[in-house]
1. So is I278 farther than 21 Å from S192 by Cα, not assigned by TED's automatic domain parsing to the domain that holds P104 and not small (G, A, S) or not?
2. Which of the residues spanning the stretch 242-298 are small (G, A, S) and more than 13 Å from V202 (Cβ to Cβ)?
Amino acid sequence: MNLRPSTALASAALLAAIGHSQELPLSAPPLAMASASATAIAPSLTSGGVDADSPGHRAEAALAGPLGAGYRATSPLFELRGGGASFAAPVLASAGPLLAAVEPRILVASGDTVALYGAGFATGGTPAVTFAGLAASNVTVVSDTELSVDTPLLTNPFGNPLGPIDVRVTTAAGVAEVDQAAIASPAYVQTSPGRIGGNFTVTHMGQPGATGIPSWATALPGVVIPIGGIGGAIELPIIFFTYGAEILDASGVSSSTYPIPDDPALVGAVLQFQTIIIDSIVPLVASFTNTVDVEILP
């Protein structure tokens, strides 16, 4: 569409099309133009290099004199300059990425290659991915719904796996984060709450066929005991009680359920667990897990 800025009315009408709002000396009559659906009233206008702003638009009287040529106005959807008008196609806003699943969910804490499934991954370049706040590497956009990444080292300062961790995907359109989307293993995880007079469940997660040895203890702050040949360290070194061994099933999981006495005085107490998971006796391949705090609820 070509518009000739040959008269004051034409110049003022062009600015009207973008919703210009500032009151200036010269006015013009109503005029519908600039889009198939917009109707605007031509605003007042002046010259002499005066800028006029409105919330969504900007107009500039570029030349001195009574309505000289060279007026320019812009908006997010179109631009008017001199005697011409050009229109940009509308852009739909993105709702940001969606993270639905990490596969496998049980990760090897020393590093693993995993797939992330969701939507909106192919927006604005390669996404940034973190596990427990630590950056993943070799992030590959397989499709808009799948990423392939290498996980970072997911252990605490004592070398023990972190257990349940949050996973975050950041793209140009936004951020998706899922709490406990993955498990850094070998891990020990509370999988049901502990209430007085009831039971609670804790679950080993690691390699299928491995042996888990659950233990209960009270932590002694600042005391950590490494044991040669076993990864990580004991973080709960006193009042140490060990239960019977458990064999992890084909999915790498084994659960145990423990009773809690029906005693209101126990409410608010915290039981602390840590286990050893043994993958092999000869040669010895074993690791301590993360610690688990089980709070007793009413």
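1. yes
2. Within the stretch 242-298, G244, A245, A250, S251, G252, A265, G268, A269, S280, A286, S287 meet the criteria.
Rundown of residues vs (1) modelled with pLDDT under 95; (2) crowded, with 16+ Cβ neighbours inside 10 Å; (3) over 23 Å from V285 (Cβ atoms); (4) over 13 Å from the mean Cα position of the chain (by Cα), yes/no style:
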{"residue": "G111", "(1), (2), (3), (4)": "yes, no, no, yes"}
{"residue": "G120", "(1), (2), (3), (4)": "yes, yes, yes, no"}
{"residue": "P127", "(1), (2), (3), (4)": "no, yes, yes, no"}
{"residue": "A132", "(1), (2), (3), (4)": "no, yes, yes, no"}
{"residue": "S148", "(1), (2), (3), (4)": "no, no, yes, yes"}
{"residue": "D166", "(1), (2), (3), (4)": "no, no, yes, no"}
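The values are calculated or read from the model by the stated rules, or taken from the named source; none is laboratory data. Source: prediction; values computed, not measured. Cβ sites come from the backbone with ideal geometry, for glycine too, and all protein chains shown count toward neighbours.
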